[in-house]
Amino acid sequence: MSLGRRKTPVLYYDIIEIPLVEQYRSMIDSVVLIFTALIGYFLSGWGSAQWENYLKFYNATPFMIKDPLFSSDISFYVFRLPFLRFIYQFGLFTVIFSLIASAVIYVFHKKIWFVRRGIKFSESARIHLMILAALFFVLIACRYKIDTYDLLYSERGIVYGAAYTDIKAELPVLKAMMALSILTAGLLLLNIVTSSYKLTLAGIGLMVAVGLIGGKVYPEFIQRFEVAPNEIVKETPYIKSGIKFTRMAYKIDGVEEKDFPASEKLSIDDIKKNDLTVRNIRLWDEAPLLSTYAQLQEIRTYYTFVDVDNDRYNINGEYRQVMLSPRELSSQNLPSRIWINEHLTYTHGYGLCLGPVNQISKEGLPEFMIKDIPPVSNANIKITRPEIYYGEMGNKYCFVNTKSKEFDYPSGEENVYTTYKGSGGVRIGSFLKKLLFAIRFGELKIILSGDIMPDSRIMYYRNIIDRVSSATPFIKYSSNPYMVVSSDGRLYWIIDGYTTTSDYPYSEPTPGLGNYIRNSVKAVVNAYDGKIDFFISDPDDPLIKTYNKIFPGVFKRLDQMPDDLKSHIRYPQDFFSIQADKYSTFHMTDPQVFYNKEDLWKIPLSTKSGANQVMEPYYTIMKLASEGTEEEFILMIPFTPSKKNNMISWMAARCDAPNYGKLIVYNFPKQKLVYGPQQIESRIDQDAEISKQLTLWNQGGSSVIRGSLLVIPIEQSLIYVQPLYLSASQGGGLPELKRVIVAFGNQIVMEENLENAIGRIFGEGPKKAEILKEIKDEVEGQVISNNELINNAVYHYEKAVKFQREGNWAGYGEELKELEKALKELKGK
């Protein structure tokens, strides 16, 4: 028989012969073997990537909180369920591949025959394949079991988590499917001893029917005809669970709420009592200050200021808020970017700039407490080790202790060179290490360079975020590290680290983050030698407890942090922003109020750099109402109602020990109008004098930069402060702080500095002082018979003061003219 005629199946005694089976049998065996090896390699890589899930499964720490549906501790969902889900997926993939591979081999080895009525198996093939098929359905049952737990992450209801339809419709169907899967697996095992597959096929058909009807039609029927007409009644218990678990997951369940009257009776005496608060109101925004620092203090083109950070120091015996920016080296801006310059000569940044947040020079420029190269300090903060080898700008690698001169800092027309004295980096030692590093960084010059000696050291992972992330990849780190000057003058970076998960039941997720977060880690990096220390800042977090068990010795207690560094830890802005966003909705704990969104808040918009942006939390030093008599460093943000612009409350996070991490929300009286940031900015725009001045400044090649509007609580009242900067319209302008706008109640004033603005509003402004002085000079020495003229002058003065407080500047000007007339008459007398 020719090959051409054998390509079609041939019937022999009721068996359909597949052509060329024997010819290709050995080849098929080889192909299956190769595929098995490839699949094994893939599965091994997949399995090894689950090291973290396995270790968390094995070292799980209980949350001591149970879910309301299955009464399982939250640790089951966070630590155990992800690994169990992987085991199911791994098993399912393995069984499916085994089924397919085995069936192919049995066909080509004639253990499976195709007959007119179907398929016949040899006894060994039938036993093997029925066991594999039964395992497949057991795993399908496991999938339905996992699906029951996944109901706790349902998005069907009003809140995240299992809702009425999920529990009353989805859950029974999933349980039924799980039972049918086990039943089908049993029927497949029964086929080992019987040749009839009718019951098995019936079981599979029943699963398909229940899956289609119960998985789609029935839940939709319940949702539409039972839940929708009575949604609030049906969903109330599940709304309660969603609120409760979301508040716990984002650590806003312990927020303390207090009343804040927003009084308009603030006096100059109150201002004086809160003098330290006023002197720490931040007038310099990051963007204009960064630009000013760059032009005044970068010194050379290869230095750069990446960021400006807020912190607090005791300066000459006074608690002060400061702005601080490290001066880092940018290898991309070197005048000659040859390999030796980038990796051997120019290796580090140098020093920093530090200044108070609200002091300005006569020219409108920032005042400095630390500046220049080498660092010059006029405060009690001294820098003894200004070199920055590890920072936000570090290039991939550099070598120190080489034969090449290592640049330290510029000094006039010459350069000062240095020799590294620390333990940072890795000692080169041998040629083999040199070769390995050359391969690692893909650079032949590392091998060929005669400047690199055995005692030379190579520093890599110099970007501090990459450095801490590589050491602890299971921790998410803030993109906003900040530098601290220690008591002995060394420079350290502090980076906030977060433990997160997407597996917290009933908690509303945050895109790109998950649905649970804790600021559990403070990482400290020495800017000179790169040494990292990890400190546990939230010892109650079960995730960091688990990681501490997995990696003993990596994390230290927070009380082991040196005091001079610990005094500078602060509540992180990004964490606080997430909490504030969630609290704007989940402060409503009543299900009825939550359902109707009756008291929904939002974080207000504010004009910044000419555009409306969502306000960012800001640090300040102030006395918290009803929380003691001492000023403290806090992080705060205001709230407005979701569809209005008036302010409804403000939230504060305390940063100083022993109250670090405590959150307080101050609620305003709901029957009282408290201006929100947008309303204050609208009133500023409508002020004739201010608007006229801004228009004038925006002409002739200059542009006005409006700074962040800050809401500053003082005693039981609020004042609003917004700085104005003037800069050249063209690029490269030097921003100068030209004016400060202050608002209180219905009054808005603009002055050259904060003191004058506050003085104008609260009774000690420059114009009132001038008026009083003029009255005193003119009236003093006059005879008592001039009482009528004196009373007239005083009358017009008091009217002027009244109009000024009301913001009636037209009336204020008229009364000043009348006052001038009265004074001239007195002078004539």
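The values are calculated or read from the model by the stated rules, or taken from the named source; none is laboratory data. Given the structure is predicted, the values throughout are model-derived calculations rather than measurements. Backbone-built Cβ (ideal geometry, glycine too); neighbour counts: all protein chains shown. Surface accessibility is based on the protein's heavy atoms, side chains included, excluding ligands, DNA and RNA. Shrake-Rupley method; radii C 1.70, N 1.55, O 1.52, S 1.80 Å.
What the table shows:
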read-out	value
Sites L276 and Q560, calculated FRET efficiency, Cβ-Cβ separation with R0 41 Å, nearest 0.05	0.85
Segment 286-316-segment 428-457 distance, computed between alpha-carbon centres (Å)	36
Helical mean residue ellipticity (222 nm; -39500 (n - 2.57) per DSSP H run of 4+; nearest 500) of the chain	-12000 deg cm²/dmol
Relative contact order for segment 484-619, counting Cα pairs under 8 Å that sit 6 or more residues apart, in percent	15
Fully extended contour minus Cα-Cα distance, from S703 to K168, at 0.36 nm per residue	186.3 nm
Residues whose placed amide H lies under 5 Å from that of S649, excluding near-sequence neighbours	F639, F668
Burial order of peptide ranges 427-436, 340-349 (average beta-carbon count within 10 Å, highest first)	340-349, 427-436
Alpha-carbon centroids, segment 713-761 and segment 170-193: separation in whole Å	73
Simple label model, 7 Å out from Cα along Cβ direction - T384 to L673, nm	6.0
Gain upon complete extension [A471, E820; 0.36 nm per residue less C-alpha separation]	118.3 nm
Pair I96, S263: separation of 7 Å Cα→Cβ label points (nm)	7.0
S487 accessible area, assembled protein chains, probe 1.4 Å, Å²	100
Computed magnitude of the charge dipole of segment 251-315 (debye, nearest 20; Cβ of K, R +1, Cβ of D, E -1)	300
Peptides 90-100, 619-629 ordered by average Cβ neighbours within 10 Å, highest first	619-629, 90-100
Placed amide H near I315: partners under 5 Å, 5+ positions off or other chain	R320
The chain, accessible surface, carbon-and-sulfur percent (1.4 angstrom probe)	55
Dipole of segment 345-438, positive end: most advanced residue of N358, G412, P386 [Cβ charges, Cα centre]	P386
Rounded Å value of the spacing that divides the Cα centres of segment 565-581 and segment 48-78	27
Length-normalised contact order for the chain - Cα pairs under 8 Å, 6+ apart - percent	10
Hz values of 3J(HN,Hα) by residue in segment 306-318 - Karplus curve (6.51, -1.76, 1.60), Gly and Pro given as x	7, 7, 10, 10, 9, 8, 9, 9, 7, 10, 6, x, 10
Probe 1.4 Å, all protein chains present, accessible-area order of W697, W601, W113, W46, largest first	W113, W46, W697, W601
Rounded, prolate or oblate (a/c below 1.5 giving rounded, otherwise prolate when a/b exceeds b/c) for segment 398-496 by Cα gyration tensor	oblate
Correct choice for Cα Rg over 2.2 N^0.38 Å that was computed from the model, options (i) 0.98; (ii) 1.30; (iii) 1.03	(ii)
Student exercise, segment 52-181 dipole from Lys, Arg, Asp, Glu Cβ charges, in Debye to nearest 20	800
Mean Cα-pair separation over length for segment 84-204, i.e. relative contact order, pairs under 8 Å, 6 or more apart, %	24
Sorted peptide list for 281-292, 139-150, criterion being average Cβ within 10 angstrom, highest first	281-292, 139-150
Full-extension gain in nm, N612 to E52, via 0.36 nm per residue minus C-alpha separation	197.3 nm
